[in-house]
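> Please see the structure below; I have some questions.
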Amino acid sequence: MRNVGDVIARRNEEAAGALIGYLPVGFPTLDASVDAAVALVENGVDVLELGLPYSDPVMDGTVIQAATQQALAGGFRLGHGFEAVRRVTERVDAPVLLMTYWNPVVQYGVDRFADDLAAAGGAGLITPDLIPDEAADWIAASERTGLDRVFLAAPTSTDARLRKTIDASRGFVYAVSTMGITGARTDVDRAARTLVGRLRDAGSKASCVGVGISTAEQVAEVLEYAEGAIVGSALVKALADGGVDAAGALAAELARGTSRQ
């Protein structure tokens with residue numbers, strides 16, 4: 001089991017913070033998605049998020065939607081997610097989280113999902129549409145299997161909601177820097193800095209900012225106040241436009257942002 005919290009803590013001791021990279025499983029093919037994930041780690045990504053394609057991706061921007069729709073059209077099945085985790089963790093040591101909407105987990109069976117993810121070497125789950133109040137089954141399954149659970153916090157969250165999210169999360173809290181769907185943005189929202197401050201005041205030890213980060217400069221900016229920076233759409237676009245090599249090259253560029261200034 002690879003512990004996400006330990007990796008983030010270590011990267012905050014030896015560098016400015018952690019770089020977390022997202023790619024969807026099965027895009028452009030299952031084999032290529034595994035190779036691309038490995039390339040991210042080999043080029044400086046500290047923690048991987050592998051997204052499970054879903055037919056109703058309410059939080060995903062156009063780049064990720066297009067990639068996941070291609071993966072689904074190519075025959076993606078939920079079992080491919082566990083296969084990808086296993087194949088990636090056999091090749092690199094970085095912790096691998098699956099990011100998934102909650103309905104596929106329920107359909108598969110929460111305990112069965114947790115068991116299969118742990119058996120594949122996965123570190124845990126990011127669940128963008130699951131709130132702690134409705135997560136009793138997942139919290140129980142993750143406690144039993146030792147998996148991390150990452151819940152989302154938004155700028156609109158109340159202080160009470162933030163405290164509940166921190167208490168329920170293990171690994172880190174996913175701070176959504178802008179409201180709405182994902183996608184690379186020119187300016188990382190100032191709301192992110194305020195949100196991370198509120199999370200820290202509420203007791204969070206590890207907050208990672210995602211949604212809208214696409215350059216090494218933005219990674220460095222986020223790591224001035226957060227423990228980790230999450231990059232998704234920019235890496236998916238690089239993979240779509242230039243293949244595995246381009247995704248790896250962008251990861252290396254983004255990783256420059258983790259060096260201490």
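> Is it the case that the range 103-126 has a residue that's surrounded by 16 or more Cβ atoms within 10 Å (Cβ to Cβ) and at pLDDT below 95?
no
> What residue, of Arg91, Arg112, Arg149, is of a type in the set (Lys, Arg) and in contact with a strand residue (DSSP E or B) (Cβ under 8 Å, 6 or more places away or on another chain)?
Step by step, each of Arg91, Arg112, Arg149 is checked, and only Arg149 is of a type in the set (Lys, Arg) and in contact with a strand residue (DSSP E or B) (Cβ under 8 Å, 6 or more places away or on another chain).
> Could you list all residues from the range 28-75 that are of a type in the set (D, E, K, R) and over 16 Å from the mean Cα position of the chain (by Cα)?
Those that are of a type in the set (D, E, K, R) and over 16 Å from the mean Cα position of the chain (by Cα): Asp31, Asp35, Glu42, Asp56.
> May I pose another question? Being β-branched (Val, Ile, Thr) and within 17 Å of Asn103 (Cα to Cα) is the requirement here; does Thr29 meet it?
no
> For the range 90-105, does any single residue satisfy the condition of being in contact with a Leu (Cβ under 7 Å, 6 or more places away or on another chain) and either at positive phi or free of Cβ contacts under 8 Å to residues at least 40 places away in the same chain (or both)?
Scanning the range 90-105, I find at least one residue that is in contact with a Leu (Cβ under 7 Å, 6 or more places away or on another chain) and either at positive phi or free of Cβ contacts under 8 Å to residues at least 40 places away in the same chain (or both), so the answer is yes.
> Determine, yes or no, whether Ile20 is of a type in the set (Val, Ile, Thr), out of contact with any His (no Cβ under 8 Å at 6 or more places or on another chain) and within 19 Å of Lys237 (Cα to Cα).
Yes.
> Moving to a separate point now. Condition first: out of contact with any helix residue (DSSP H, G or I) (no Cβ under 8 Å at 6 or more places or on another chain), surrounded by fewer than 18 Cβ atoms within 10 Å (Cβ to Cβ) and either among the aliphatic types (A, V, I, L, M) or modelled with pLDDT under 95 (or both). Now tell me which residues in the range 1-48 satisfy that.
Asn3, Ala9
> Pick from the range 193-232 the residues that are part of a helix (DSSP H, G or I) and touching a strand residue (DSSP E or B) at 6+ places or on another chain (Cβ under 8 Å): which of them is surrounded by the fewest Cβ atoms within 10 Å (Cβ to Cβ)? Explain how you work it out, then say what you get.
Going residue by residue through the range 193-232, those that are part of a helix (DSSP H, G or I) are 193-201, 216-223.
Filter once more, keeping what is touching a strand residue (DSSP E or B) at 6+ places or on another chain (Cβ under 8 Å): 195-196, 199-200, 218-219, 222-223.
On the way: Leu195: 25, Val196: 23, Leu199: 25, Arg200: 16, Gln218: 23, Val219: 27, Val222: 30, Leu223: 25.
Once the filter is applied, the top-ranked residue is Arg200.
> Would you please list the contacts, defined by Cβ atoms under 7 Å and residues six or more apart or on different chains, that run from a residue in the range 221-235 that is within 15 Å of Leu195 (Cα to Cα) to a residue that is of a type in the set (Lys, Arg) and open to solvent by 20 Å² or more (accessible area, probe 1.4 Å)?
Note: pairs meeting the criteria are Tyr225/Arg193.
The values are calculated or read from the model by the stated rules, or taken from the named source; none is laboratory data. Quick caveat, the model's predicted, so the values are computed rather than measured. We place every Cβ from the backbone using ideal geometry, glycine too, and count neighbours over all the protein chains shown. Just the protein is used for accessible areas: all its heavy atoms, side chains included, with ligands, DNA and RNA removed. Shrake-Rupley method; radii C 1.70, N 1.55, O 1.52, S 1.80 Å.
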